[in-house]
1. Condition check: of a type outside the set (Phe, Trp, Tyr), modelled with pLDDT of 90 or more and either assigned to a helix (DSSP H, G or I) or surrounded by 10 or more Cβ atoms within 10 Å (Cβ to Cβ) (or both). Does Leu61 satisfy that?
2. If you scan the range 44-58, which residues turn out to be acidic (Asp, Glu) and surrounded by fewer than 10 Cβ atoms within 10 Å (Cβ to Cβ)?
3. Restricting attention to the range 22-43, report how many residues are loosely packed, with under 10 Cβ neighbours inside 10 Å and modelled with pLDDT of 85 or more.
4. Would you confirm whether or not the range 3-21 contains a residue that is under 22 Å from the mean Cα position of the chain (by Cα) and surrounded by 10 or more Cβ atoms within 10 Å (Cβ to Cβ)?
5. Answer yes or no: is there a residue in the range 55-68 that is farther than 17 Å from Met1 by Cα and in contact with a Phe, Trp or Tyr (Cβ under 7 Å, 6 or more places away or on another chain).
6. Determine, yes or no, whether Ala46 is modelled with pLDDT of 85 or more, assigned to a helix (DSSP H, G or I) and of a type outside the set (Lys, Arg).
Amino acid sequence: MRNEYELKHGRPNPYATRLGARGRGELLAWWAKSTRNVRVLPDDVAREFLDSETTVEALRLVMKLRAVRPKRRRRAG
């Protein structure tokens, strides 16, 4: 995906006006429910992880580290 797109020669979607505000709201609600696997990263994080492969590798490492962290002991007393 490009960082920027040139949209000066673009045209509005002809179907968007047919939907109206209510239809766009319903469509947005449907899309939000159906895309549970989409995550948006903040810019600073996205700069560090340039592709999906490195992002997944780092997250799997975090999962492993969380699994091996020592359990907290209760204080005696």
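The values are calculated or read from the model by the stated rules, or taken from the named source; none is laboratory data. Predicted model, so just to flag it, every value in this text is computed and none were measured. With ideal geometry, Cβ positions are generated from the backbone for all residues, glycine too; neighbour counts draw on all protein chains shown.
1. The answer is yes for Leu61.
2. Hits for the range 44-58 are Asp44, Asp51, Glu53.
3. So the count comes out to 3.
4. no
5. Yes, some residue in the range 55-68 is farther than 17 Å from Met1 by Cα and in contact with a Phe, Trp or Tyr (Cβ under 7 Å, 6 or more places away or on another chain).
6. So Ala46 fits the description; yes.
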